[in-house]
1. Considering segment 68-88 alone, what residues qualify as being of a type in the set (A, V, I, L, M) and open to solvent by less than 40 Å² (accessible area, probe 1.4 Å)?
2. Might you check whether a residue that is assigned to a loop (DSSP other than H, G, I, E, B), exposed (fewer than 12 other Cβ atoms within 10 Å of the Cβ) and not polar (S, T, N, Q) occurs anywhere in segment 29-41?
3. At pLDDT 95 or above and surrounded by 13 or more Cβ atoms within 10 Å (Cβ to Cβ), is that true of Val65?
4. Of the residues in segment 42-63, how many are assigned to a helix (DSSP H, G or I) and more than 15 Å from Arg77 (Cα to Cα)?
5. Quick one: count up the residues across segment 45-67 that are under 16 Å from the mean Cα position of the chain (by Cα) and on the phi > 0 side of the Ramachandran plot.
6. Just wondering, is there one or more residues in segment 50-62 that are out of contact with any Leu (no Cβ under 6 Å at 6 or more places or on another chain), at pLDDT below 95 and among the charged types (D, E, K, R)?
7. Between a first residue in segment 17-33 that is under 18 Å from Arg77 (Cα atoms) and a second residue that is of a type in the set (Asp, Glu), which pairs have beta carbons less than 6 Å apart while being 6 or more apart in sequence or on different chains?
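The values are calculated or read from the model by the stated rules, or taken from the named source; none is laboratory data. Everything numeric in this text was worked out from a predicted model, so none of it was measured. Cβ sites come from the backbone with ideal geometry, for glycine too, and all protein chains shown count toward neighbours. Side chains included, ligands, DNA and RNA excluded: accessible areas come from the protein's heavy atoms. Shrake-Rupley method; radii C 1.70, N 1.55, O 1.52, S 1.80 Å.
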Amino acid sequence: MSATVAVDTVSEGDTVSRAYGWNDTNDATIDEEAEVIRMMATTLLDGGSLRGLVDHLETEGISTVSGKAWKPITIKRALTNPRMIGKKQSGDK
């Protein structure tokens, strides 16, 4: 499974991967990835740590959409992304 976090601003020439948990057109979720997002949120709400999540995701072989290893800041950004928490809809600017 792979993933990445959507980026709000992009420099010219850069490419942006899709948001983890969302399909390429950002109009539907990917069930397996959405489950990982739910697991990350639940783990943190239950007192787990970002570092512990990084270790768990690495052990399970779950990487970002770009194929990179998760980092604490990447998880934090994924879980606080306005779209992920229901504050932004597809097509909003």
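1. Result: Ile75, Ala78, Leu79.
2. Within segment 29-41, the subset assigned to a loop (DSSP other than H, G, I, E, B) is 30.
Then keep just the ones that are exposed (fewer than 12 other Cβ atoms within 10 Å of the Cβ); that gives none.
For segment 29-41, residues assigned to a loop (DSSP other than H, G, I, E, B), exposed (fewer than 12 other Cβ atoms within 10 Å of the Cβ) and not polar (S, T, N, Q): absent.
3. For Val65, the condition - at pLDDT 95 or above and surrounded by 13 or more Cβ atoms within 10 Å (Cβ to Cβ) - is not met.
4. Residues that pass the stated criteria total 10.
5. Qualifying residue count for the region: 2.
6. no
7. Pairs that qualify, where the first residue is under 18 Å from Arg77 (Cα atoms) and the partner is of a type in the set (Asp, Glu), are Arg18/Asp24; Tyr20/Glu33; Gly21/Glu33.
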